[in-house]
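One structure is given below, encoded as structure tokens.
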Amino acid sequence: MSRAEVVVDLNAVRHNVALLVDRAAGAESMAVVKADGYGHGAVPIARAALSAGATWLGSCTLAEGLALREAGITAPILSWLDTPDVDLSAAVPAGIDVGVSSVEELGRLSGARVHLKVDTGLNRNGCPPELWPDLVRAAAASDNEVYAVWSHLACADEPGHPAIDLQAKRFTDAYDIAVSAGLNPRRHLANSAATLTRPDLHFDLVRLGIAMYGLNPLPSNENLRPAMTFRAKVASVKRIPAGESVSYGQTWTAPHDTTLALVTAGYADGVPRLLSNRMSVLINDHRHPIRGRVCMDQIVIDCGDTPVSPGDDVTLFGPGTHGEPTATEWAETIGTIDYEIVTGMYRPRVTRRYVGE
């Protein structure tokens, strides 16, 4: 093992995908592997998801989609967000579908298969409703194949939020306009949360995102298995007397004699500095707190009188099945989301290892 590593359990991914595919019965399932598979590795995750029943793959950029093709993956792929200077024509020979949100974007494509995206209330990507009739008319008159109409929910992770039904109505209205323009598109709207809670919004295709990686977007228990574990090593051990302080700024002072373990992971490796004095790790089946500030390359752990040795394994976060912290626990501690924690683990110094291949 290197100084720090991410271990990805592909069996957990398959379990999660199979569960979500089952919940989406009647609709196809797109495994979203953008941002290098949410930090888990796009190609291995894509293969695991397809083996578990997913039928599509989703990428943010065309380059991400092309990388999947270069790895030999032949499943349908949708890419949906590139800058205006990107040459989208490469999508056609690669057989990659393109998300289109404007007449201008449509004009950059010829002979492509496109998914027209309408903004139903997220107010991010997507065609504004007032421009939607122009987009569908232009698409109907173009030499591109309109495969689907789609949108993105803003509050699906809050079941019962009124925005969900409002967006669903706007989506249906947009679909009806597309049909009136002579199109016969498929529909996709549901993300992970809506796949689990809103079968009425599954339509023809659901998009499996964070839940595929075992992180639950909902307050209810959904039997998902987190796929990522973050591990490091104890580099050295020292005993300090009461009154000695730890790390930059000396923000923690030992109230009694204690043993400190130096661990080979810091904020350059994905440990947020905001976790300083606020997190713990698992060493030899015991949780021990971090003391002092998270540094670029290392953290210091207070092991008290518990035996610890150089070379001991350290679990910074994992599924939680052995008492270790979870990515969700990290996120809640510093006021963010677990998506950010795992996606941020794509780091040059952190090796990635797969189990369950």
Subset of region 59-114 that is of a type in the set (Val, Ile, Thr) and in a loop (DSSP other than H, G, I, E, B) - its residue that is surrounded by the fewest Cβ atoms within 10 Å (Cβ to Cβ): THR83
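Right, VAL7: in contact (Cβ under 8 Å) with a residue 40 or more places away in the chain, part of a strand (DSSP E or B) and either aliphatic (A, V, I, L, M) or surrounded by fewer than 24 Cβ atoms within 10 Å (Cβ to Cβ) (or both) or not? Let's see the steps before the verdict.
On the way: in contact (Cβ under 8 Å) with a residue 40 or more places away in the chain: yes; part of a strand (DSSP E or B): yes; either aliphatic (A, V, I, L, M) or surrounded by fewer than 24 Cβ atoms within 10 Å (Cβ to Cβ) (or both): yes.
Here the answer is yes, as VAL7 does meet what is asked.
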Any hit, region 300-307, residues being in contact with a helix residue (DSSP H, G or I) (Cβ under 9 Å, 6 or more places away or on another chain), part of a loop (DSSP other than H, G, I, E, B), in the same structural domain as PRO348 (by TED's automatic domain parsing) and among the hydroxyl-bearing types (Ser, Thr, Tyr): no
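Take residues that are over 26 Å from THR343 (Cα atoms) and not assigned by TED's automatic domain parsing to the domain that holds VAL342 and tell me which of the helices (runs of 4 or more DSSP H) falling wholly in region 129-212 contain 2 or more. Break it down stepwise before answering.
On the way: elements: 132-141, 162-180, 192-197.
Because the criterion is at least 2 residues that are over 26 Å from THR343 (Cα atoms) and not assigned by TED's automatic domain parsing to the domain that holds VAL342, the helices (runs of 4 or more DSSP H) in region 129-212 that meet it are 132-141, 162-180.
Take PRO241 and decide whether it is surrounded by fewer than 21 Cβ atoms within 10 Å (Cβ to Cβ), over 27 Å from the mean Cα position of the chain (by Cα), farther than 19 Å from ALA4 by Cα and not basic (Lys, Arg). Break it down stepwise before answering.
Working: surrounded by fewer than 21 Cβ atoms within 10 Å (Cβ to Cβ): yes; over 27 Å from the mean Cα position of the chain (by Cα): yes; farther than 19 Å from ALA4 by Cα: yes; not basic (Lys, Arg): yes.
The answer is yes for PRO241.
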Region 86-104 residues that are in contact (Cβ under 8 Å) with a residue 24 or more places away in the chain, paired with ones that are aliphatic (A, V, I, L, M) and assigned to a helix (DSSP H, G or I) (beta carbon under 6 Å, 6 or more apart): ALA91/LEU62; ALA94/LEU66; VAL98/LEU88; VAL98/ALA91; VAL100/LEU106; VAL103/LEU135; VAL103/ALA138
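The values are calculated or read from the model by the stated rules, or taken from the named source; none is laboratory data. Because the structure is a prediction, the values reported are computed rather than measured. Virtual Cβ from ideal backbone geometry, glycine too; neighbours counted across all protein chains shown.
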